[in-house]
1. DSSP loop (so not H, G, I, E, B), at most 12 other Cβ within 10 Å: list which trypsin sites (Lys or Arg not before Pro) in segment 3-61 pass both filters.
2. Compute the Rg/Rh shape ratio of the chain: radius of gyration over Kirkwood radius, all on alpha-carbon atoms.
3. Measure nothing but the geometry: give the 0 to 90° angle between the long axis through the Cα atoms of 41-53 and the longest principal axis through the Cα atoms of the chain, rounded to 10°.
4. Give me the angle, in degrees from 0 to 90, between the Cα long axis of helix 3-15 and the longest principal axis of the Cα atoms of the chain, rounded to the nearest 10.
5. Per DSSP H run of n ≥ 4, the term is -39500 (n - 2.57); total these for the chain, divide by its residue number, and report the mean residue ellipticity at 222 nm rounded to 500 deg cm²/dmol.
6. Compute the acute angle (0 to 90°) between the alpha-carbon long axis of helix 28-37 and the principal axis of greatest extent of the alpha-carbon atoms of the chain; round to the nearest 10°.
7. Output the relative contact order of the chain, whole-number percent, from Cα pairs under 8 angstrom with separation of 6+ residues.
Amino acid sequence: MKAEAADGVLARIERILIAIAPLPPAADPIFALAQRHRLTFYDAAYLELAQRERIGLATLDAALVRAATAEGVALVGA
């Protein structure tokens, strides 16, 4: 990638509004979701965040879709 193109990409990335959500005080809710739905820890973390923030979850992962549906979490783009 040429320097001019890279500069353009970096400029667009800087305009994206990204919020970093804090972790829950304990990982217990994440572990509970992971065990209950047989999810990886990071998939369960996405699910827990969606629950805690009351936001929709965007995923194409079938197991995560089933878990979100079971937990009453709205799916984005589904």
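1. Taking segment 3-61 and a limit of 12 other Cβ atoms within 10 Å, the loop trypsin sites (Lys or Arg not before Pro) found are 38, 54.
2. Ratio value, two decimals: 1.14.
3. 90 degrees
4. Its long axis makes an angle of about 40 degrees.
5. The per-residue figure over the chain is -18000 deg cm²/dmol.
6. Here the helix axis deviates by roughly 70 degrees.
7. This gives 20 percent for the chain.
The numbers here are math on the coordinates, done by the rules we state, and not lab data. Quick caveat: nothing in here was measured; it's all calculated off a predicted structure. So basically every Cβ, Gly included, is an ideal-geometry build from the backbone, and we count neighbours across all protein chains shown.
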